[in-house]
1. Quick one: what are the phi-derived ³J(HN,Hα) couplings along region 311-325, Karplus 6.51/-1.76/1.60 with θ = phi - 60°, whole Hz, x for glycine and proline?
2. Output the direction-averaged projected area (hull surface divided by four) of the convex hull of the alpha-carbon atoms of the chain, in nm².
3. Residue by residue, what Karplus-based ³J(HN,Hα) values in Hz, rounded to whole numbers, does region 27-41 have, using 6.51, -1.76 and 1.60 with θ = phi - 60° and x for Gly and Pro?
4. With both partners inside the chain, how many of the DSSP beta bridges are antiparallel, as a percent to the nearest 5?
5. Given springs between every Cα pair under 10 Å in a Gaussian network model of the chain, which of 75, 236, 250 has the largest fluctuation?
6. Only bridges whose two residues both fall in region 53-194 count here: according to DSSP, what percent of them are antiparallel, nearest 5?
7. Give me the Å³ per residue figure for the convex hull around the C-alpha atoms of region 107-255.
8. Take the chain, connect every pair of alpha-carbon atoms lying under 10 Å apart with a spring to form a Gaussian network, then pick out the residue of 271, 62, 91 with the largest mean-square fluctuation.
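The values are calculated or read from the model by the stated rules, or taken from the named source; none is laboratory data. Keep in mind that what you see is a predicted model, and the values were worked out from it rather than measured. A quick note on method: Cβ atoms are made from the backbone with ideal geometry, for glycine too, and the neighbour counts reach across all protein chains shown. We work out accessible area using only protein heavy atoms, side chains counted, and drop any ligands, DNA or RNA first. Shrake-Rupley method; radii C 1.70, N 1.55, O 1.52, S 1.80 Å.
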Amino acid sequence: WTERQARLQDIRTSTPVTQDGVEIELFGNIELPEDTDQVIENNATGIGLFRSEFLFLSEDDLPTEQEQYEAYRAVAEQMNGQPVIIRTIDLGKDKIPKWQEETDAPNPALGLTGIRLCLAEAQLFRTQLRALLRASAYGKIKLLVPMLSHVGEVRQTRRHLEEVKAQLRAEGIPFDEHIELGGMIEVPAAAFTVEHFLHHLDFASIGTNDLIQYTLAVDRNDDAVSHLYDPVHPAVIRLLHHVISTCNRVGKPISMCGEMAGDPALTRLLLGLGLRRFSMLPARLLKVKEQVLSTDLERIKPLIARLLEADEIETLWHVMEELQA
Ligand code: PEP
Ligand code: MG
């Protein structure tokens, strides 16, 4: 038990607020319902990413509508009215369930993944939407769609959602009529044109794991190129700045749920870029909160301006050091 751990325990119940009084929201990421305890223990604002596909990875068979409903409802009830953002199935790429045949896609990372797979397999998608809507009667569930690259994917998702809602109404099954629909911004095309997506979404969440992979053309799971996987590459920083400032300008909530959001060495950078909602592994919550508590947004403003204008990589590194000072 070190002094540092004791200090982190001290801030467990404190509100994440910057030195100059700006309140920040810190959410937890979960993979399975049993991870919820850790989110609560660390006093998060809610769940910013429930990777629902993990319900589909562990079993030999597809989970039924009822099994899914029970899992979503359990998390919503446990969070007791705090927001629970559940991402719709994000399979494909590196996440292949036992019941799915080996893919023969030439490049799975650019193939039928995330929302693309759900729109191609409407039955799978609608079963999940039914389970999610039914569970929404028991807490504050919001939906999040992964791997968006075309606005049409949001329109199609809304159409499925409305049809499933109509079914439930006809059956007299309760659900949240105003359930929010958000989109993951994790494909560069969606990041560049985020304002088009915002016309159809209630909120957005940046998936930096994929956004970095696709922006830098670096497979996030390939050790041979891991030295090139750089969250502070100028291209990544500019894209993040564009997405965050566009959302803030049009007044749509923006959060980040990729690993970057849980890296305390990057918290000040993200705060400086205008991010106010972070979602991360529960084990990171207190370390990021510690950074928030020690950050003066006014002090870092000129540093961020310099960073965005930097035309030499050395300047960028230098500013990153100054940010941490
Ligand atoms: C991401 O891409 O940053 C993300 C949160 O999604 P996943 O890591 O599950 O692909
Ligand atoms: Mg992703």
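1. Whole-Hz 3J(HN,Hα) from phi for region 311-325: 10, 10, 4, 5, 4, 4, 4, 4, 5, 4, 5, 5, 4, 7, 5.
2. So the mean shadow area of the Cα hull is 17.4 nm².
3. Whole-Hz 3J(HN,Hα) from phi for region 27-41: 10, x, 9, 10, 10, 9, x, 5, 6, 4, 3, 5, 5, 5, 4.
4. 5
5. 250
6. If we restrict to bridges inside region 53-194, about 10 percent are antiparallel.
7. Values: hull volume 17.0 nm³, N = 149.
Per residue, the Cα convex hull of region 107-255 comes to 114 Å³.
8. In the Gaussian network model the winner is 62.
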